[in-house]
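Read through the structure below, which is laid out as structure tokens, and then see the notes.
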Amino acid sequence: MKLALNLFFLSITFFIFDDKSFSLSDYQIKKICKNEIRPSRCINNLREKKSNLKKGKKVEIPVIPYKSY
């Protein structure tokens with residue numbers, strides 16, 4: 001019984017958080033791109049990724065390694 005209850009709660013959690021995807025707002029995109037060499041290219045690239053994310057397509061996210069000194 002306990003196993004069935006845990007599976008039920010787990011499946012409910014997956015259904016609740018399945019369709020939610022968080023993308024950057026236009027203000028956040030401009031804030032990120034203001035220090036770039038070509039901010040217009042950066043803005044266009046991030047807006048394209050935002051629209052792909054909203055359409056449900058996979059978006060590649062770069063991971064920057066942490067350097068400790």
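The values are calculated or read from the model by the stated rules, or taken from the named source; none is laboratory data. For clarity, every value in this text was computed on a predicted model and none was experimentally measured. Ideal geometry is used to build each Cβ from the backbone, glycine not excepted, and the neighbour counts take in all protein chains shown.
Just a few scattered comments:
- Count of residues meeting criterion [over 17 Å from PRO62 (Cβ atoms) and in contact with a helix residue (DSSP H, G or I) (Cβ under 6 Å, 6 or more places away or on another chain)] in segment 30-42: 1
- Positions within segment 50-64 being farther than 19 Å from ILE32 by Cβ and either more than 15 Å from the chain's Cα centre (by Cα) or part of a loop (DSSP other than H, G, I, E, B) (or both), in sequence order: GLY56, LYS57, LYS58
Per-residue answers, yes or no, for (1) polar (S, T, N, Q); (2) out of contact with any Phe, Trp or Tyr (no Cβ under 6 Å at 6 or more places or on another chain); (3) at pLDDT 75 or above; (4) exposed (fewer than 10 other Cβ atoms within 10 Å of the Cβ):
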{"position": "LEU5", "(1), (2), (3), (4)": "no, yes, yes, yes"}
{"position": "ASP18", "(1), (2), (3), (4)": "no, yes, no, yes"}
{"position": "PHE22", "(1), (2), (3), (4)": "no, yes, no, yes"}
{"position": "GLU36", "(1), (2), (3), (4)": "no, yes, yes, no"}
{"position": "PRO39", "(1), (2), (3), (4)": "no, yes, yes, no"}
{"position": "SER51", "(1), (2), (3), (4)": "yes, yes, yes, no"}
{"position": "LYS55", "(1), (2), (3), (4)": "no, yes, yes, yes"}
{"position": "PRO65", "(1), (2), (3), (4)": "no, yes, yes, yes"}
{"position": "SER68", "(1), (2), (3), (4)": "yes, yes, yes, yes"}
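- Residue pairs meeting the criteria (Cβ under 7 Å; at least 6 apart or on separate chains; first closer than 18 Å to LYS30 by Cα, in segment 45-69; second assigned to a helix (DSSP H, G or I) and of a type outside the set (A, V, I, L, M)): LEU46/CYS33
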